[in-house]
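Colleague: The structure that follows is given in the form of structure tokens.
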């Protein structure tokens with residue numbers, strides 16, 4: 001018996017969309033912009049917290065905040081093509097990106113992105 005990777009004619013993730021070169025460029029730009037904006041928010045909050053440090057408890061609160069935000073961001077921003085529709089669906093739901101940011105992606109990517117954003121909105125309500 002051969003493993004899926006040993007069979008050159010079969011791609012193991014047949015349900016995953018194929019990303020064209022132009023779609024990859026659109027995805028990278030949207031991903032980087034959203035990540036940059038979120039990191040900017042973290043930096044601003046960290047600066048505010050640092051300016052308000054009065055004692056050791058405040059220092060450890062800042063450390064805790066940064067650790068938790070880093071973990072959250074690391075979990076959220078996964079630039080594997082197999083995960084991008086999920087990432088963009090969540091970012092669209094959180095309003096960290098807009099459909100305009102994703103203009104250039106095919107409908108085979110936009111449909112699951114929109115569906116996930118709508119599902120998250122439904123369950124948040």
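Colleague: Looking at the stretch 11-21 only, could you name the residues that are within 19 Å of the chain's Cα centre (by Cα) and modelled with pLDDT of 95 or more?
Modeller: 19 - this is the single residue of the stretch 11-21 that is within 19 Å of the chain's Cα centre (by Cα) and modelled with pLDDT of 95 or more.
Colleague: Do any helices (runs of 4 or more DSSP H) lying entirely in the stretch 28-125 carry at least 2 residues that are at pLDDT below 95, and which ones are they?
Modeller: Helices (runs of 4 or more DSSP H) meeting the threshold: 107-124.
Colleague: Taking the conditions exactly as written (surrounded by 12 or more Cβ atoms within 10 Å (Cβ to Cβ) and out of contact with any strand residue (DSSP E or B) (no Cβ under 7 Å at 6 or more places or on another chain)), does residue 52 satisfy them or not?
Modeller: no
Colleague: Please work out which one of (1) at pLDDT 95 or above; (2) in a loop (DSSP other than H, G, I, E, B) is the condition residue 8 fails and give its number.
Modeller: The number of the failed condition is (1).
The values are calculated or read from the model by the stated rules, or taken from the named source; none is laboratory data. Note that this is a predicted model, so its numbers are computed, not measured. Every residue, glycine among them, receives a Cβ derived from its backbone with ideal geometry; neighbour counts consider all protein chains shown.
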